[in-house]
Amino acid sequence: MDEKLLQYIWKYRLFNSCSLQTIEGESVDILSIGEENNNSGPDFLRAKIRIAHTLWAGSVELHIKSSDWNKHKHSQDDAYNNVVLHVVYQYDVPVYDKNGVAVPTLELKNLINTSLITEYRQYMESTHTIVCQNRFAEVDSFRCFAWLDRLMLDRLEKRTQHIEKELKSNVFHKEEVFYHIIAKSFGFKTNAEPMLMVAKSLNLNILAKQKDSLLQIESLFLGQAGLLEGSFADDYPQQLQKEYRFLQSKFKLQPACDYAMWHWARLYPSGQPHIRLAQMAALVHQSTALLSKILEMNTIEDIERLFSVTASAYWDTHFRFDVPAKQKSKKRLGKSSINSLIINAILPFLFAYASWQNDTGLKNKVITLYESIPLENNQIVKYYTCLRKDFNNALQSQALIELYESYCKPRHCLQCGIGIHLLKN
């Protein structure tokens, strides 16, 4: 038994409530358990409890042993003078408030089904990745997907807090904020930060002046990334270097990164920094007012076409400067990468933008777009698809990631809608 479980038992009245009595032998009738308090002070506030013939309105405090009241020094704290019932798993000593008045105590030890405690202990001690895996499929679809819908909204709210803050502080530069988010996402997890640094060093006004020249835009991205330093054998990097030095002088630029800041290990060749920067340059070259265009789009297919960009011809035969590739291939941003951008950058940005603008219609469109993207294929999602087969879109896979990160991994079963249901039944 621990206090989290005891609070859960009290919250959902998972104890035999017939003929309840305090330790002193007075009858107890629980009219309201109160409101859970997540701040300092008693565990439940504004409870209504009838003890003997008197109706009390006040707080409820829960402990494993009644002596924990003294251990936590509640008898010295005015905040606990309003406790009308002390609920404990095991009674060992009487307790008093700051005024020396005895606090009525209810012991639950013999009123709780031992199977509930056993199952909870098994969850907490389980070595399984998903501790309720043997019962996960028992949860009916309505309950499961209602909980996942809530988790998805929680995830979107958390992921868009920073974006919304950026939008509020850059009221007239929503396109710039969106450009930063996209650039960061082009680095994916491995090179997200240096990609963002490069983007922030090249504002859209600078890029717009060179928009007609892919060579110049690419030179700016690669130069600001610190990848045009030194000497090169191939003509193309020499041209890029020449263009960058001219533009660097013109716009008084300093590289935002150096070579050492980029990560190269354990990346697919198509994910190397040179390729991602060249693809980002191609996107800027072919797209004006990117955010405005996306706001007008209603299908994932439209967004996918917009981001289906190909790096310049030199990269058909290279992944790095002066190092020929074994096979020739167009370095086009693949569908899985585009979907990752949409899921993790574009749609969260649109949701944040909708919150900032108080645009319910756009929020609903974001949810619909998530539902039109196939289920993601990653290890976390596989944990759950092995347990049940009714997940089929990115809205659900994002919710499953939130379920894993916020509840399953830290073992917060008593706060999880699925865990609560399984432990109650």
Give the carbon-plus-sulfur fraction of the accessible surface of the stretch 1-68 in %, rounded to a whole number; probe 1.4 Å, heavy atoms of protein chains only.
44
Top mean-square fluctuation among 368, 114, 105, Gaussian network model of the chain, C-alpha springs under 10 Å?
114
Checked against the positive end of the charge dipole of the chain (+1 on Cβ of Lys and Arg, -1 on Cβ of Asp and Glu, about the Cα centre), the farthest of 264, 145, 407 is 264
Report relative contact order for the chain in percent, whole number only (criteria: Cα-Cα under 8 Å, sequence separation at least 6).
14
Once you keep just the Cα pairs under 8 angstrom separated by 6 or more residues, what percentage relative contact order results for the stretch 352-414?
29
In the chain, taking the dipole from +1 charges on Lys and Arg beta carbons and -1 charges on Asp and Glu beta carbons about the Cα centre, the listed residue (309, 323, 338) farthest towards the positive end is 323
Result for the stretch 29-81: accessible area per residue, probe 1.4 angstrom, in square angstrom, of 55
Among 205, 110, 38: highest mean-square fluctuation, GNM of the chain, C-alpha pairs under 10 Å:
38
Using the Karplus equation 6.51 cos²θ - 1.76 cosθ + 1.60 (θ = phi - 60°), what ³J(HN,Hα) coupling, rounded to whole Hz, does each residue of the stretch 392-407 give in order, writing x for Gly and Pro?
8, 8, 5, 4, 6, 5, 5, 5, 5, 5, 5, 4, 5, 5, 9, 10
Qualifying trypsin sites (Lys or Arg not before Pro) in the stretch 201-253, DSSP loop, other Cβ atoms within 10 Å at most 14
252
Go through the stretch 1-49 and name the chymotrypsin sites (Phe, Trp or Tyr not before Pro) that are in a DSSP coil and have 14 or fewer other Cβ atoms within 10 Å of their Cβ.
12
Near residue 105, within a Cβ-to-Cβ distance under 11 Å, what is the net charge of the other residues, with Lys and Arg +1 and Asp and Glu -1?
-4
By how many degrees, between 0 and 90 and to the nearest 10, does the Cα long axis of helix 174-186 differ from the longest principal axis of the chain?
90
Ignoring ligands, DNA and RNA, please state the percent of accessible area on the stretch 71-219 from carbon and sulfur, probe 1.4 Å.
49
Per residue, how big is the convex hull of the stretch 93-147 when only Cα atoms are used? Give it in Å³.
198
Straight-line reach check, residue 409, cutoff 18 Å on alpha carbons, 8 or more apart in-chain or any other chain, hits among aspartates and glutamates -> 119, 125, 154
Going Cα to Cα from residue 184, which lysines come in below 16 Å? Please leave out same-chain ones fewer than 8 positions away.
174, 200
Taking the Cα atoms only, what angle lies between the long axis of helix 347-357 and the longest principal axis of the chain, rounded to 10 degrees?
70
Quick one: what are the phi-derived ³J(HN,Hα) couplings along the stretch 235-251, Karplus 6.51/-1.76/1.60 with θ = phi - 60°, whole Hz, x for glycine and proline?
5, 5, x, 5, 5, 4, 4, 5, 4, 5, 4, 5, 5, 4, 5, 4, 9
Could you pull out the trypsin sites (Lys or Arg not before Pro) across the stretch 269-330 that fall in loop regions by DSSP (anything but H, G, I, E, B) with no more than 13 other Cβ atoms inside 10 Å?
326, 328, 330
The list [x] 22, 37, 26, 13, 1; [y] 28, 55, 16, 1; [z] 26, 51, 20, 3 gives values of P(r) over Cα pairs in 20 Å bins from 0, in percent, and only one came from this structure; which label was calculated from it?
[x]
Would you tally the net charge around residue 411, using a Cβ to Cβ cut-off of less than 14 Å, leaving residue 411 out, and scoring K and R as +1, D and E as -1?
-1
Contact order relative to length of the stretch 19-72, as percent, for alpha carbon pairs under 8 angstrom and 6 or more apart
27
Measuring with a 1.4 Å probe in the full set of protein chains, what accessible area per residue, in whole Å², belongs to the stretch 102-180?
57
Kindly report the accessible area of the stretch 194-330 per residue (heavy atoms of protein chains, probe 1.4 Å, no ligands, DNA or RNA), in Å².
50
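The values are calculated or read from the model by the stated rules, or taken from the named source; none is laboratory data. In this text the structure is predicted, and so the values were computed from the model without any measurement. Note: ideal-geometry Cβ built from the backbone for every residue, glycine included; neighbour counts use all protein chains shown. Ligands, DNA and RNA are stripped out before the accessible areas are found, and what is left, the full protein with its side chains, is counted by its heavy atoms. Shrake-Rupley method; radii C 1.70, N 1.55, O 1.52, S 1.80 Å.
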